[in-house]
Amino acid sequence: MGHQVTVQELEKFTDNFNQNPKNQVVARATQKSGVLAAAYNERVQGELTRVFSTELDTENVTNQRQSGRCWEFATLNILRHNFGKKHNCKNFTFSQSYNFFWDKIERANIFYDNILDTADKPLNSRTVRAILEGAGQDGGHFHMGAALIEKYGVVPSYAMPESFNANNTSALGKALGDKLKKDALVLRKLKQEGKDEEVEKAREQFLGEVYQMTAIAVGEPPKKFDLEYRDNDKKYHLDKDLTPLEFLHKYMGDVDFDDYVVLTNAPDHEYNKLYGLPFADNVEGVCRIKFLNLPMEFLETYAVNQLKDGEAVWFGNDVGIQSDRKAGYLDNNLYKFNELFGVDLTMSKADRLRTGAGSATHAMTLVGVDEDNGHIRQWKVENSWGEQNGDKGFFVMNNDWFKDYVYEVVVHKKYLTSEQLALAEGPITDLPAWDSIA
């Protein structure tokens with residue numbers, strides 16, 4: 001039988017609270033200004049500078065607005081920095097709507113695969129429920145962005161501009177999610193009845209309807225376009241009648257996503273092991289989602305090495321914790337919750353993952369680092385929340401926040417040890433759809 005809160009206990013709690021006169025002072029301040037303002041540590045502003053010993057030459061930032069496309073923006077940011085460096089055009093931008101469109105089609109196809117593969121499981125099984133909960137969502141991982149680029153290429157931002165529904169994805173996501181769940185019931189029933197021919201006819205019809213819905217909401221992607229831009233020296237460039245894949249291979253052919261490894265720091269999982277998320281893959285047969293789980297010092301070291309080689313770093317993190325969006329601060333000492341409440345709220349990284357208190361909720365790009373005699377002080381972060389947040393869109397992150405709340409970095413495999421490289425190219429241990437890394 002469960003414990004019932006007694007009158008005696010409540011009286012004891014009240015007495016204990018009121019015996020400390022400081023509690024009333026803190027309570028008045030907190031109730032007046034809010035928890036975040038009352039817990040805010042002003043000293044952070046003097047500790048986080050915006051000067052970095054290693055810094056890439058970047059200017060403009062992108063804006064994902066009211067969408068969950070951070071993973072796509074961060075992946076395209078890596079590519080656009082490569083284009084800018086190679087072609088002397090640092091402010092060139094790619095169309096996020098273009099790859100977003102294809103993600104909706106490909107993700108629906110994978111969803112139908114997963115539904116059919118689990119048709120023998122109960123509808124309320126943990127696996128099927130996790131698959132259904134993902135229907136219509138637009139969050140993702142690095143390999144999902146890479147898969148879309150490899151299959152469909154890229155286009156300049158002007159070739160397929162952002163639309164209202166690309167910037168505000170909730171309504172489209174809800175409509176697609178409801179449709180996919182309805183389709184799931186039909187496909188499961190046909191599969192269970194052994195009607196394989198009808199399954200394929202239904203799938204084709206359903207995919208066509210997803211295409212129709214996405215085209216109405218976002219617009220159809222261009223098949224060809226003219227590349228037109230001025231470089232940093234104001235020199236004019238025009239290359240006509242390119243397909244998205246021709247553009248990718250001609251102008252960024254040296255970028256091979258197979259050369260990059262996603263390193264994760266998930267201390268609730270075994271280190272030195274390669275994990276996969278088969279239920280999160282978005283394009284069949286291209287760029288499986290996989291992570292090499294390593295201690296944190298390797299993520300730090302390899303990210304610094306890549307920045308020093310002049311290349312930005314994609315990273316996944318828990319941006320909603322100990323962060324000031326407006327000022328652009330990421331510091332694990334930003335809010336003094338323990339001092340405010342007089343309660344120890346500290347949890348280890350492993351325990352946050354085990355309990356769901358922590359997870360990778362956002363993707364951004366590292367474009368600078370500040371070191372003092374090999375000691376990492378802070379990082380420069382390119383976000384995708386527009387120029388109104390942070391310092392013209394750039395955030396500054398102290399290294400303790402990096403250790404506590406960064407879960408993934410994407411680095412070139414050349415930085416790995418031979419043992420780590422063998423692990424990264426070896427067998428994958430697949431994780432369930434509800435795993436903490438997902």
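A few comments on the model shown:
- Environment charge of residue 172, counting only residues whose C-beta is closer than 10 Å and scoring Lys/Arg +1, Asp/Glu -1: +1
- GNM top mover of 100, 257, 73 - the chain, alpha-carbon springs below 10 Å: 257
- Evaluated with a Cβ-only charge set (Lys, Arg +1; Asp, Glu -1), the chain carries a dipole of roughly 1000 debye about its Cα centre, given to the nearest 20.
- Cα centroid separation, segment 25-80 to segment 402-416 (Å): 20 Å
- With a cut-off of 10 Å between beta carbons, the residues surrounding residue 123 carry a summed charge of +3, where Lys and Arg count +1 and Asp and Glu -1.
- Label-point gap, in nm, between residue 12 and residue 87 - each point 7 angstrom along Cα→Cβ: 7.1 nm
- For segment 283-288, putting each phi into the Karplus relation 6.51 cos²θ - 1.76 cosθ + 1.60 with θ = phi - 60° gives couplings of 10, 4, x, 10, 6, 4 Hz, in residue order, rounded to whole numbers and with x for Gly and Pro.
- For the chain: accessible area per residue (Å², 1.4 Å): 49 Å²
- Among the GluC sites (Glu not before Pro) found in segment 111-205, those both in a DSSP coil and sparsely packed, with 15 or fewer other Cβ atoms within 10 Å of their Cβ, are 193.
- Summed residue charge, Cβ within 13 Å of residue 388's Cβ, Lys/Arg positive, Asp/Glu negative: +2
- Derived scalar couplings between HN and Hα for segment 384-394 equal 10, 10, x, 7, 7, 10, x, 8, 6, x, 9 Hz in order, rounded to whole Hz, by the Karplus curve 6.51 cos²θ - 1.76 cosθ + 1.60 (θ = phi - 60°), x for Gly and Pro.
- Out-of-range pairs (alpha-carbon distance over 22 Å; input 90/234; 86/240; 250/308; 308/349): 250/308; 308/349
- Phi angles across segment 405-418 convert, under the Karplus curve 6.51 cos²θ - 1.76 cosθ + 1.60 with θ = phi - 60°, into 3J(HN,Hα) values of 10, 9, 10, 9, 9, 10, 10, 5, 5, 5, 7, 6, 6, 4 Hz, Gly and Pro given as x.
- Each Cα pair under 8 Å and six or more residues apart adds its sequence gap; the mean of these over the residue count of segment 324-438 is a relative contact order of 29 percent.
- Of the solvent-accessible surface of the chain, computed with a 1.4 Å probe over protein heavy atoms with every protein chain present, carbon and sulfur atoms account for 50 percent.
- Rounded to 5, percent antiparallel among DSSP beta bridges of the chain: 85 percent
- Average Cα contact separation per residue, the chain, under 8 Å, 6 or more apart, as relative contact order %: 23 percent
- Long-range amide H partners of residue 408 with built H, under 5 Å: 265, 316
The values are calculated or read from the model by the stated rules, or taken from the named source; none is laboratory data. Quick caveat, the model's predicted, so the values are computed rather than measured. Cβ: placed from backbone, ideal geometry, glycine included. Neighbour counts: every protein chain shown. Areas reflect the complete protein model, heavy atoms only, side chains present, ligands, DNA and RNA absent. Shrake-Rupley method; radii C 1.70, N 1.55, O 1.52, S 1.80 Å.
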